[in-house]
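Presented below is the structure to which this report refers.
The values are calculated or read from the model by the stated rules, or taken from the named source; none is laboratory data. Keep in mind the model is a prediction, meaning the values are calculated, not measured. All Cβ positions, even for glycine, are placed from backbone atoms using ideal geometry, and neighbour counts span all protein chains on display.
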Amino acid sequence: MTRLVELQAAFHALATRAPSPPLAAEAFLVGSRELSAAERAGIYADMYGWRLADALREDYPKLASLLGDARFLALAGAYARAHPPDRPDLGQHGRHLPRFLRRLPAPERADLGDLAALEWARAEVFFEAPATAAAHASLAALGPAAFPDTSIVLVPALRVLALDHDVAALWRRLEAGEAAGAAVAAPTAVVVWRAGLDVFHAVVELDEARALRLARAGRPVSAICAAFADREDPAAAAFAALASWLDEGWVAAFRLPAAPGERA
């Protein structure tokens with residue numbers, strides 16, 4: 001290791017408050033009459049931590065609002081120690097936060113992980129690749145013989161979340177500046193998508209969420225429709241769901257099954 005590399009590694013350790021830096025600040029940094037070398041290094045360490053917290057706040061504004069500045073800053077510090085940035089894109093720093101919150105031994109609220117999952121999905125779809133939505137006419141053009149075996153291609157900017165709490169209602173209250181209220185434990189499916197430059201999310205029935213996941217997996221329409229088998233009128237429910245997917249711009253295309261002898 002060259003001396004320059006050694007010094008860079010030592011400064012990085014000080015700036016990130018690593019528990020055992022290879023060199024003390026006084027070994028290679030100059031202090032002043034006002035501040036010691038360690039105190040000057042601490043300025044960089046504080047700035048580094050605040051920048052990571054700011055990056056999290058950009059992706060998790062509702063979580064930050066719910067916790068307040070002091071508690072959110074403490075959470076950001078604990079998260080950064082458990083998951084230090086490992087990619088050049090600081091926008092990816094917060095990708096582990098939902099799982100981190102769900103694994104806390106005594107979380108402040110049971111629904112924090114689900115709220116974070118919703119906010120991260122919203123951040124993800126904003127940066128997803130654009131896609132042209134399919135028109136209703138493309139569905140009408142499918143022949144009845146091929147329709148059951150046709151697969152549905154969903155747009156990239158769409159996520160289907162399976163959550164343990166109704167955080168969509170919590171998100172609405174926070175958006176309106178209302179009191180958060182208690183966590184509501186209830187299996188909840190939420191679809192998150194982008195239309196133009198705007199991001200939306202909506203609660204859907206659990207069977208519709210299952211149908212969307214089947215579509216994402218490339219399963220044929222017959223399997224997708226079977227997700228509604230427990231409805232009073234499964235065919236009507238499946239058709240209504242598919243029509244709403246087209247209305248919202250969730251469908252990019254319909255993929256016809258390969259003809260005999262053709263490669264799929």
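Considering each of ALA169, ALA133, ALA227 in turn, give the residue that is out of contact with any Ser or Thr (no Cβ under 8 Å at 6 or more places or on another chain) and over 24 Å from ALA117 (Cβ atoms).
Working: ALA169 fails: over 24 Å from ALA117 (Cβ atoms); ALA227 fails: over 24 Å from ALA117 (Cβ atoms).
One residue alone meets the criteria, ALA133.
Name every residue in segment 121-167 that is among the hydroxyl-bearing types (Ser, Thr, Tyr) and surrounded by 13 or more Cβ atoms within 10 Å (Cβ to Cβ), in order of residue number. Walk me through how you get there before you give the answer.
Just the residues of segment 121-167 that are among the hydroxyl-bearing types (Ser, Thr, Tyr), to begin with: 132, 138, 150-151.
Matches in segment 121-167: SER138, THR150, SER151.
Test ALA145 against the criterion of being among the aliphatic types (A, V, I, L, M), assigned to a loop (DSSP other than H, G, I, E, B) and touching a residue at least 60 places away in the same chain (Cβ under 8 Å), and give yes or no.
Working: among the aliphatic types (A, V, I, L, M): yes; assigned to a loop (DSSP other than H, G, I, E, B): yes; touching a residue at least 60 places away in the same chain (Cβ under 8 Å): no.
Judged against the criteria, ALA145 is not a match.
Can you tell me which residues in segment 173-212 are among the charged types (D, E, K, R) and buried (at least 16 other Cβ atoms within 10 Å of the Cβ)?
Applying the first criterion (among the charged types (D, E, K, R)) to segment 173-212 yields 173, 175, 178, 194, 198, 205, 207-208, 210.
Those that are among the charged types (D, E, K, R) and buried (at least 16 other Cβ atoms within 10 Å of the Cβ): ARG194, ASP207, GLU208, ARG210.
Give me a count of the residues in segment 223-264 that are at pLDDT below 95 and of a type in the set (Ser, Thr, Tyr).
Qualifying residue count for the region: 0.
Which number in (1) closer than 19 Å to ARG216 by Cβ; (2) among the hydroxyl-bearing types (Ser, Thr, Tyr); (3) part of a helix (DSSP H, G or I) marks the one condition that THR132 misses?
Only one criterion in (1) closer than 19 Å to ARG216 by Cβ; (2) among the hydroxyl-bearing types (Ser, Thr, Tyr); (3) part of a helix (DSSP H, G or I) is unmet by THR132, namely (3).
Among the residues of segment 104-129, which ones are modelled with pLDDT under 95 and in contact with a Pro (Cβ under 8 Å, 6 or more places away or on another chain)?
Correct list: ALA129 only.
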